[in-house]
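First comes the structure, then the notes that go with it.
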Amino acid sequence: MKKLNVKGKILSIALVILLISSLPFANKVEAITKCDVKPNKSEGKKDIILEIIKNISQDTEKDSSDNIDTEVEVEDEFKDEEHEVYIVQSGDTLFKISVKYNIDIRKLKEINDLTSDTIYIGQALTIITDANGLNDKIIVSNPDHILALVNKKNKLPSDYIPHNLVVPNVPFPFKSYHSKKLMRKEAAQALENLFKKAEEDNIKIYALSGYRSYTRQESIFASNVKKNGLEKANQFSAKPGESEHQTGLAMDLTSPSVNNVLTQRFGQTMEGKWVKANAYKFGFIIRYPKGKEHITGYQYEPWHLRFVGKEAAEEIFNKNITLEEYLGEI
């Protein structure tokens, strides 16, 4: 009778193993049935079966390629990106928001399923940021836009060359052709109108330096560092890629009253005061005003004009703010 009971137990265990082998993880059974699971006097059939199932469960979970692949895929997809919700405020434009977060405007529209540049106050926009909540501020994403922000935090690509560069029909203190006479066509036309008005008001000014390539700015900055040291050079000279002159939207002005050079004394002259009071009417701003050095990162430059368009220029002038403040970059 005892022999029959033992045979019955063995048969039951065999049936359990056979049943398990029909499950999806059957390929694990062969290895498990070969493992040392031997009953002792204190172990019964249930203990053996539980041990077998435990081994199968642990082994299957450990080696599951589906689990591993899924975890890696999710991690790779989201480890460098976080999502932030921005509520559109009064005065916002899609471009301003794209500049603020340094995200390409086309990408911003794609993320939010926008078919036009029209947005409304109170609208919630999804912004993709990196893991630290901030986007990379190195490369300017919209370099062709007249409101493109170029400074020590926003750098132009080294190969960026603006389109439609022309020589404005305004007086320069030198006759020969030089690439620094160039400006973007829209900015050049605005500068011509400014000079025409200055002439009508008996103001004698000259255009001195406009477009600069990345390579030329590189040479200028290196020369300034050699002469003045890095710390001092950083106060008045831009590193390559960080100069507004590369946009083709900037022009340095001077006058015979300061010997046609670039000096802060220009701001105290009749010509400099006229430029400050009238530049915005033609779409220009004094890009580096006095008292805003902590925002712009550069010393006061009364000679440096930047074209931003009449609407932006008027608001910046009336509010006595910088381009950074206008674009919400501080």
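The values are calculated or read from the model by the stated rules, or taken from the named source; none is laboratory data. Here the structure is a predicted model, which is why all the values come from computation and not from measurement. Note: ideal-geometry Cβ built from the backbone for every residue, glycine included; neighbour counts use all protein chains shown.
List of remarks:
- Selection of segment 170-218 for residues being among the hydrophobic types (A, V, I, L, M, F, W, C) and in contact (Cβ under 8 Å) with a residue 60 or more places away in the chain yields L182, M183, A187, A190, L191, L194, A198, I203, I205, L208.
- Candidates F221, F266: the one that is over 28 Å from the mean Cα position of the chain (by Cα), surrounded by 14 or more Cβ atoms within 10 Å (Cβ to Cβ) and without any contact (Cβ under 8 Å) to a residue 40 or more places away in the chain is F266.
- Filtering segment 274-292 to residues that are within 16 Å of E244 (Cα to Cα) and not basic (K, R) leaves G283, F284, I285, I286, Y288, P289.
- Any hit, segment 162-183, residues being closer than 25 Å to Q299 by Cα, in the same structural domain as S243 (by TED's automatic domain parsing), modelled with pLDDT of 95 or more and among the aliphatic types (A, V, I, L, M): yes
- Of everything listed in (1) in a loop (DSSP other than H, G, I, E, B); (2) farther than 28 Å from N202 by Cα; (3) free of Cβ contacts under 8 Å to residues at least 60 places away in the same chain, the single unmet condition for G328 is (3).
- Residues being within 14 Å of F195 (Cα to Cα) and in contact (Cβ under 8 Å) with a residue 12 or more places away in the chain - total across segment 273-294: 10
- Listing of helices (runs of 4 or more DSSP H) fully contained in segment 53-146 that carry 1 or more residues being under 30 Å from A187 (Cα atoms) and modelled with pLDDT of 90 or more: 105-111
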